[in-house]
Amino acid sequence: MITLASEADTLALGAAIAIPARRGHVIALSGPLGAGKTTLARGFIEARGDTEEVVSPTFTLVQVYEALETPIWHFDLYRLEKPEDALELGLEEALASAITLIEWPERLGPFLPASRLDLTLSAAGAGRNAELVYRGVGESPWSNVRL
């Protein structure tokens, strides 16, 4: 469990998990509305070198950052009506060719990749807690993540 006392800590955690991330990695971001999922994604994307404004894809459902060495696809599936709709958004292409950040991953149902980093944010007093669980083969690329 990692304690995030401020927004700056949430951005820093996003940057820390960005360092070992590689093409094909999936980071599933869970937590209630307002938990900091998009803030964490912003820290991740900015740490990978993107200089454009990182916005929540709440209404577009997906935002693609292609100007990077490894593209990042950022999904916000809160408004997804059924899991198969994610395929129309380019999920398969993202999984094959990019780093994929997925907010509200439970909405993918059977399409949620088995190999992934589950990152769950929850309220903790005035701040947040972050729990990281790697679901993959071998040692987690994120086993040494610290703030």
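Of the beta bridges DSSP finds with both residues in segment 23-127, what % are antiparallel, to the nearest 5?
About 30 percent, rounded to the nearest 5.
Using every alpha carbon pair in segment 23-127, what percent of pairs falls into each 5 Å bin from 0 up to the bin containing the largest distance?
Spelled out per bin, shortest first, that is 2, 13, 26, 26, 20, 9, 3, 1.
Can you list the HN-Hα couplings for segment 134-143, worked out from phi with the Karplus curve (6.51, -1.76, 1.60; θ = phi - 60°), rounded to whole Hz and with x for Gly and Pro?
8, 10, x, 8, x, 6, 5, x, 9, 5
Cβ under 14 Å from LEU108's Cβ, LEU108 left aside: what net charge do those residues give with Lys, Arg +1 and Asp, Glu -1?
Once all neighbours under 14 Å are counted, the net charge is -4.
Between THR3 and GLU131, what is the label-point separation in nm under the 7 Å Cα-to-beta-carbon projection?
1.8
Where the centre of each part is set by its Cα atoms, how far does segment 72-147 sit from segment 1-41, in angstrom?
Measuring centre to centre over Cα atoms gives 10 Å.
With a sphere of radius 15 Å drawn around the Cβ of SER140, what net charge do the other residues whose Cβ falls strictly inside it have (Lys, Arg +1; Asp, Glu -1)?
Every neighbour counted, the sum reads +1.
Could you give the length gained on full extension between ARG23 and LYS82, defined as 0.36 nm per residue of separation minus the Cα-Cα distance, in nm?
Between ARG23 and LYS82, full extension yields 18.6 nm more.
Coordinate-derived values only; no laboratory data. The structure displayed is predicted, hence computed values, not measured ones. Note: ideal-geometry Cβ built from the backbone for every residue, glycine included; neighbour counts use all protein chains shown.
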